[in-house]
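Q: Quick one: the structure is below, and I'll ask about it shortly.
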Amino acid sequence: MQRSLILLKPDCVQRRLMGAIISRFEEKGFNIIAMKMLNVTPELSKQHYAEHVEKPFYPALESFITGAPVVAMIIEGLEAVGVIREMLGATNGLKAAAGTIRGDFSSSRQMNLVHASDSPESAAREIALYFNENELCGYTPTLTPWFKADDE
Ligand code: CMP
């Protein structure tokens, strides 16, 4: 089992695409084990995007990500980190394959609707930025036997 930190970004919230995108993850069979809406502060943005803070596009990224609420989620499942990145598609919506979330809904490099952790290590770091341990609600869905075999 892996966990990934997902952010439905301000463009997703403003464009009323939250439900459509959450449905993709649910339909795939992943478990949402934590979820909340919040305003990202400039401080949190700098922590989250620490690897991008020195890049030329960072000021615009910070202004975008702090410009309207986001929805933060923790999604759990087998190979969740890699599978969710595949589901999102390439960073730039114009380059993302049709059938992916960005390929279907985004035509922008910055406004690409969803963030997902790029490794289990990033997921652990990002989850700790957005959630306290007591906000996680792990559970075993009763449909699990219909999503995968016992030995998977
Ligand atoms: P995300 O996967 O959340 O990680 C970093 C974010 O920075 C990325 O999605 C985009 O929203 C944004 N981003 C990445 N590259 C660029 C770029 N070249 N110009 C503007 N924004 C970018």
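Q: Lysine pairs in the chain with alpha-carbon atoms under 26 Å apart, 8 or more places apart or on different chains: how many are there?
A: Close lysine pairs under the 26 Å cut-off: 11.
Q: Now for a different question. For a paramagnetic label modelled at 7 Å from the Cα of Ser108 toward its Cβ, which residues of the range 5-37 fall within the zone defined by backbone nitrogen distances under 19 Å?
A: Residues 7-22 qualify, since their backbone N sits under 19 Å from the label point.
Q: Right, next: I'd like the FRET efficiency for Glu43 and Ala20, computed as 1/(1 + (r/R0)^6) with the beta carbon distance as r and R0 of 22 Å, rounded to 0.05.
A: Details: r = 31 Å, r/R0 = 1.39.
That pair, Glu43 with Ala20, gives E of 0.10.
Q: With every protein chain left in place, what is the accessible area of Ile65 in Å² (1.4 Å probe, nearest 10)?
A: Accessible area, nearest 10 Å²: 0 Å².
Q: To the nearest 10 Å², what's Thr91's accessible area with a 1.4 Å probe?
A: Its heavy atoms expose roughly 80 Å² to the probe.
Q: Additional query: When the solvent-accessible surface of protein heavy atoms is calculated with a 1.4 angstrom probe, in what order do Lys9, Lys28, Lys55 fall, highest first? Don't jump to the answer; show the numbers that get you there.
A: On the way: Lys9 10, Lys28 115, Lys55 80 Å².
These residues rank, largest area first, as Lys28, Lys55, Lys9.
Q: Measure of size requested: the Rg and Dmax of the chain, with Cα atoms as the atom set and Å as the unit; please supply both.
A: Just the Cα atoms of the chain yield Rg and Dmax of 15.2, 48 Å.
Q: Compute from the Cα atoms of the range 93-150 the Rg and the Dmax, the latter being the longest Cα-Cα distance, and quote both in angstrom.
A: Over the range 93-150's Cα set, Rg and Dmax evaluate to 16.1, 41 Å.
Q: Next question. Please give the helix 18-28 orientation as an angle from the longest Cα principal axis of the chain, in degrees from 0 to 90, rounded to the nearest 10.
A: 40
Q: If you plug each phi of the range 85-102 into the Karplus form 6.51 cos²θ - 1.76 cosθ + 1.60 with θ = phi - 60°, what whole-Hz ³J(HN,Hα) values come out, in order, with x for Gly and Pro?
A: Residue by residue, the range 85-102 yields 4, 5, 5, 6, x, 4, 3, 7, x, 6, 9, 6, 5, 4, x, 7, 4, 5 Hz.
Q: Can you pull out the GluC sites (Glu not before Pro) in the range 38-69 that DSSP calls coil and that have at most 11 other Cβ atoms within 10 Å?
A: Values: sites: Glu43, Glu51, Glu54, Glu62; in loops: Glu54.
Here the GluC sites (Glu not before Pro) that fit, given the DSSP loop and packing criteria, are Glu54.
The values are calculated or read from the model by the stated rules, or taken from the named source; none is laboratory data. Computed from a predicted model, the values in this text were never measured in an experiment. Cβ: placed from backbone, ideal geometry, glycine included. Neighbour counts: every protein chain shown. Just the protein is used for accessible areas: all its heavy atoms, side chains included, with ligands, DNA and RNA removed. Shrake-Rupley method; radii C 1.70, N 1.55, O 1.52, S 1.80 Å.
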